Every structure is written in structure tokens, then in C-alpha cells.
1. From the square roots a ≥ b ≥ c of the eigenvalues of the alpha-carbon gyration tensor of region 144-227, which class results: rounded (a/c under 1.5), prolate (a/b over b/c), or oblate?
2. With each label point set 7 Å from Cα along the Cα-Cβ vector, what nm distance links Arg46 and Arg151?
3. With θ set to phi - 60° and the Karplus curve 6.51 cos²θ - 1.76 cosθ + 1.60, what are the ³J(HN,Hα) couplings of region 131-136 in order, to the nearest whole Hz, using x for Gly and Pro?
4. Would you calculate a helix-derived [θ] at 222 nm for the chain, using -39,500 (n - 2.57) for each DSSP H run of n ≥ 4 and dividing by the full residue count, to the nearest 500?
5. Mind giving me the FRET efficiency for Thr208 and Ile133? R0 is 30 Å, r the Cβ-Cβ distance, nearest 0.05 is fine.
6. Between region 84-158 and region 188-227, what is the C-alpha centre distance in whole Å?
7. Using the 10 angstrom Cβ neighbour count as an exposure proxy, how do Asp87, Asp50, Asp175 rank, fewest first?
8. In Å, what Rg and Dmax follow from the Cα atoms of region 15-122?
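Nothing in this text is a laboratory measurement; each read-out follows from the coordinates by a stated rule. Just so we're clear, the structure is a prediction, and the values are computed from it rather than from any experiment. Note: ideal-geometry Cβ built from the backbone for every residue, glycine included; neighbour counts use all protein chains shown.
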Amino acid sequence: MRTVHLEAEPASLQLDLDRTALIVVDMQNGFASTGGMLDLAGMDVRPARDVVANARMVCEAARRAGLPVIYLTIGYPPDLSTAGGPDSPNPQKELALRLMRERPELNGKLLTFGTWDFQVVDDLAPLPGDTVIVKSRYSGFHGTDLDSVLRSRGIRNLLMVGIASNVCVESTIRDAYFLEYWPVMVADATMPAGSAEIQRATIYNVQTFFGWVTSSEEVTTVLRGGI
């Protein structure tokens, strides 16, 4: 066992690094880049620069410590066959699908396989040995093999970075909690779809009900010490 002490809220944790993975949620151009989906929807993506830098620092530390790094990306084929039909609420609520329906000039350009919007940002591009799982709903566990991938490696602890903290990150954390994982949100390596107040609400939800919250500096320091 490689056990480390991680300072977190509402309480510190003892983590076995051999049973810990880093989950990188939707760090795609659509969420983190000027000209991407969130930007086109009128949301402020300027904080993403620091979030990406912090997430990159955590990714590098995780790889050096031998932790699995698992990327989640959300997207759809050009025919939108996985988006949901007339009876599904997903096309009515998921932002890329809404924007492409409401603004025909964006059709096929947002979170669509093969597009720039769908790609992971350059500074966080997956490396050989990383795992990439594509999802079509907010939670990384819904309709994917994420749970089986984690269980096959004996993983119980999840460090979480990504965008949007109040949507896909929190949805994945909630499902992780329900599936008996120990989720830890790295707060300054996440960003909401919305205001700073939304980020504070998400942090409150996670640390009070669904998991733990820590910082990129704390995670990086702990992982470096666990090598």
C-alpha cells in the first residue's frame, strides 16, 4: 500500500494511491476555449485558463505517481444517434444540442465527433497509456464502461478535475458516491457553467453530501510525496 494523507474538506482522507485514479471531465474546447460552446452560449470562459493549468499540474503529478488518468469526453456522432429521440429530455436540456437546434449555422459543429469543439484542449491532451471514455450524458457512469474499468483496476478513490463543475463533474461525483467510490473534487481545477456563486454552491454540495473537496496544490504535493 502507498498510503498518503490528503487535506480536504470537510475532513482529511487517507488514500491508498494504488487504489486511486484521476478523472478528467470534459476538458474540451467546447467548455474551455474562446469560440467553443460555452463561449458561444454567452458564458465567461476566461477562468478556464487557470483551471486548465491547475488540471495539467495534477495530471502530470498523477502520471508520475503511477495513477491511472481517465478522460471523460461528451459528444455525439454527426447523425446525433446517441443524443436521444423525441421522448428524451436530453436534446431539450443539453447545451450543445440546444444551440445547434436554435442556431442552424452551428449544426454539426458543437461537441460533434471529429470537430475542434469536441477535442480535448491542447494543454491537456491525453498521453499514451491514458484512458479516454466518450459519454453522451452528463455523468461519466451513464451508458459507459467507466465503472467496470475502475473496478477491474481495484480503484476506490477518485480525484476529479474538469468542466463544468456544476453539471458533468457534479453528476459524475454523485454517481460515484452512489456506486461506493470516494470522490474528491479538486476545486481550483474545475470551473462551472455559470457564475462564481454556482461554483460555491457546487463545492458546498460536494463537501456536505457527496464527497470531499481539496486543491490542486494539495493533491500535487501529496502525489509527489507518494512516489
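1. oblate
2. 4.6 nm
3. 9, 10, 10, 9, 10, 10
4. On the way: 9 runs with 73 residues, N = 227.
After summing the helix terms and dividing by residue count, I get -8500 deg cm²/dmol.
5. Values: r = 28 Å, r/R0 = 0.93.
Approximately 0.60, to the nearest 0.05.
6. Taking the Cα centre of region 188-227 as reference, the centre of region 84-158 is 21 Å away.
7. On the way: Asp87 5, Asp50 13, Asp175 19.
Taking fewest neighbouring Cβ atoms as first place, the list is Asp87, Asp50, Asp175.
8. Answer for region 15-122, Rg first and Dmax second: 16.0, 49 Å.
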